[in-house]
Amino acid sequence: MYALLSSIPYWGQTLLRLLGGAVAVLLPAGTIVYLFLFKMMSFMQSRLGPMEAGPYGSMQLFAEVGKWLQKEDLLPERADSFVFKIAPLIVLSSTFLLVAVVPFGPDAWFTNFEAGVFYALAVSSVSVLGILMAGWSSANKYSLLGGLRAAGQLIAYELPMILAVVGVVIQAGSMNLQNIVVAQNAGSIFGWNGLGNPYLLTQFVGFVVFMIAVQAELTQTPFDMPIAESELVSGYMTEYSGFRFLMFFIGEFATAGVFAFIASVLFLGGWGVPFSWFGWSGINDVDSWMNVGGPLIMLTKMLGLVFIIMWVRFSYPRFREDQLQRFAWKVLIPVSLVNIMATSVLKVAF
Amino acid sequence: MAKVPGLFKGLGVTFGTMVETITHGANTVQYPHVKEAPPVRARGVIALHEGNCTSCMLCVRSCPDWCIYIEGHKELAPPRRAGGKPRAVNKLDRFDIDYALCMYCGICVEVCPFDALFWSPEYEYSEPRIADLLHDKAKLGEWMETVPAAPELEVGADKKGKK
């Protein structure tokens, strides 16, 4: 598989990677919006959701995108037009940069950084810049408030997220996402290797902290103070319309998908199946059909995790700003620090 | 920490509703295909019984939105009994309700002393042009067909009008 890819000229590889990246971002985003935002939310509110466009409203998303494309691209008079226009691009590009590091199979990856975890966490915080730019350049006090709240929240929840991942990194002994996948699937629980060793079990605290931080990073409800459609009229997105709003919208749900990909890599064993099922011992033994099966396994795990994110989103009311900050600094960060300590002590002990 | 059981209970409620919607169907109906009959006394549209209207203008004056327009003139009708004076009757030229303004408060229906205005539960009269929401005398008269019969008086109720 890798040899086949190497025979393609460099521009061809680049083109393939770009295409794959677009698919890896847009396909989960579309699936998430239809499956969870349109259907699951409706079911949880005892209604059917969109039913007219296509069978069971499955083409609704195309109708929505068509609607957004037709809308006028408004620019507030006093807005800083360059910053205003580039902000959604920055938010969306951080999603694309994030997916670049996710491994989807033994050879199906876009890039294979040694410090993949570090890169992913660093790049994911670029979207804060875009959000802050959007809020500041809109010349609107609601946008500014939303942007500042978003900055405060995203920075506050970046820390527990990083600290939660540190536990995984310690246990796997590597920052490379591919190695983390292999370490989980080739691992064993007290000598029994029927299930590999998904870090969901050993790093359960880290997983919970990570998922809560992801919820906050995505500004999904309980943590949607920056959006707060009922008081800030969508915060930093207030002044955006048409295609630029669509970019924020895609960015929101694509990032949900990509974060779920990363969470499944870190905690659920990523693309792999427990290697003992097929008698593989390492990454080099893995059959090449996993390059097709891997992405499907990833997609399934991603949908499961996004289900939890959206389920929480549709169930809970919003945190107050002070509760939100207190929760991050006084609960999540101490818990994840204790988790790191426990992990490192156990790592040395065993 | 004490709030944790409540958090899971809340997740259970939404999950239960989802399962119930999938297995037993939603609480809503798919509107243009399936229609729910509104309650008999629903405030859908106001109908006009033209014969009862004396163009007294009480409804016009009591309307908070000023959305009723009445124009009329006096006409001489032949006397009731031979040898009497010709009677002056109010002839209704125009009776319009602008449903683009109406807020469905129903004060006009309450205030009408001659039972010329009625509530009808009919609700499907949206228009692509906002000016078409001005219903004239003829259209308001057509709504009379949809007005449900008045409910029976309670036993022992004081019956007004003709004994």
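Just a few scattered comments:
- Of the numbered criteria (1) away from chain A (no Cβ under 14 Å); (2) of a type in the set (A, V, I, L, M); (3) surrounded by 14 or more Cβ atoms within 10 Å (Cβ to Cβ), the one B:ALA88 fails is (3).
- Condition broken by A:GLN13, with the remaining ones in (1) within 24 Å of A:GLY293 (Cβ to Cβ); (2) surrounded by 18 or more Cβ atoms within 10 Å (Cβ to Cβ); (3) of a type in the set (S, T, N, Q) satisfied: (2)
- Among the residues examined, A:GLY49 qualifies as closer than 30 Å to B:GLY25 by Cα and in contact with a Lys or Arg (Cβ under 7 Å, 6 or more places away or on another chain).
- Looking across region A:111-133, just one residue is in contact with a strand residue (DSSP E or B) (Cβ under 9 Å, 6 or more places away or on another chain) and surrounded by fewer than 18 Cβ atoms within 10 Å (Cβ to Cβ), and that is A:ASN112.
- Selection status of A:VAL23, in contact (Cβ under 8 Å) with a residue 40 or more places away in the chain and either of a type in the set (A, V, I, L, M, F, W, C) or at positive phi (or both): no
- Any hit, region A:64-76, residues being of a type outside the set (Gly, Ala, Ser), within 14 Å of another protein chain (Cβ to nearest Cβ) and free of Cβ contacts under 8 Å to residues at least 24 places away in the same chain: no
- Out of B:LEU134, B:LEU153, B:LEU76, one residue alone is closer than 20 Å to B:ARG43 by Cβ and not charged (D, E, K, R). It is B:LEU134.
- The lone criterion from (1) at pLDDT below 85; (2) closer than 30 Å to A:SER138 by Cα; (3) within 19 Å of the chain's Cα centre (by Cα); (4) surrounded by fewer than 24 Cβ atoms within 10 Å (Cβ to Cβ) left unmet by A:PRO226 is number (4).
- When restricted to residues that are on the phi > 0 side of the Ramachandran plot and within 22 Å of the chain's Cα centre (by Cα), region A:192-221 contains 1.
- Counting only strands (runs of 3 or more DSSP E) that fall entirely inside region B:64-125 and contain at least 2 residues that are of a type in the set (Gly, Ala, Ser), the qualifying elements are B:68-77.
- Qualifying residue in region A:135-142 (condition: part of a helix (DSSP H, G or I), in contact (Cβ under 8 Å) with a residue 40 or more places away in the chain, over 23 Å from A:ASP322 (Cα atoms) and not small (Gly, Ala, Ser)): no
- None of A:ARG313, A:ARG318 is within 16 Å of A:GLU217 (Cα to Cα), of a type in the set (D, E, K, R) and either surrounded by fewer than 19 Cβ atoms within 10 Å (Cβ to Cβ) or away from chain B (no Cβ under 14 Å) (or both) except A:ARG318.
- For region A:7-19, the condition of being at pLDDT 85 or above and within 13 Å of chain B (Cβ to nearest Cβ) holds for none of the residues.
- Residue match in region B:3-17 (condition: closer than 16 Å to B:TRP119 by Cβ and charged (D, E, K, R)): no
A quick yes/no check of all residues on (1) in contact with a Ser or Thr (Cβ under 7 Å, 6 or more places away or on another chain); (2) in contact (Cβ under 8 Å) with a residue 12 or more places away in the chain; (3) over 22 Å from B:LYS139 (Cβ atoms):
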site: B:THR54; (1), (2), (3): no, yes, no
site: B:CYS63; (1), (2), (3): no, yes, no
site: B:CYS67; (1), (2), (3): no, yes, no
site: B:GLU71; (1), (2), (3): no, yes, no
site: B:PRO79; (1), (2), (3): no, no, yes
site: B:GLY83; (1), (2), (3): no, no, yes
site: B:ALA88; (1), (2), (3): no, yes, yes
site: B:ILE97; (1), (2), (3): no, yes, no
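- A:GLY146, sole failed condition from (1) in contact with a Phe, Trp or Tyr (Cβ under 9 Å, 6 or more places away or on another chain); (2) of a type outside the set (S, T, N, Q); (3) within 22 Å of A:PHE267 (Cβ to Cβ): (3)
- Residue count for region A:28-54 under the criterion of being free of Cβ contacts under 8 Å to residues at least 40 places away in the same chain and of a type in the set (A, V, I, L, M, F, W, C): the result is 5.
- Screening B:PRO39 on (1) within 24 Å of the chain's Cα centre (by Cα); (2) over 20 Å from B:GLU110 (Cα atoms); (3) more than 14 Å from chain A (Cβ to nearest Cβ) shows it passes everything except condition (2).
- Scanning region A:20-61 for residues that are surrounded by fewer than 19 Cβ atoms within 10 Å (Cβ to Cβ), within 30 Å of A:ASP107 (Cβ to Cβ) and away from chain B (no Cβ under 14 Å) turns up A:GLY20, A:GLY21, A:ALA22, A:VAL23, A:LEU26, A:LEU27, A:GLY30, A:THR31.
- Leading residue by the ranking (surrounded by the fewest Cβ atoms within 10 Å (Cβ to Cβ)) among those in region B:21-36 that are more than 7 Å from chain A (Cβ to nearest Cβ) and in a helix (DSSP H, G or I): B:THR23
The values are calculated or read from the model by the stated rules, or taken from the named source; none is laboratory data. These figures come from a predicted structure and were not determined experimentally. Using ideal geometry, Cβ is built from the backbone for each residue, glycine included, and neighbour counts are taken over all protein chains shown.
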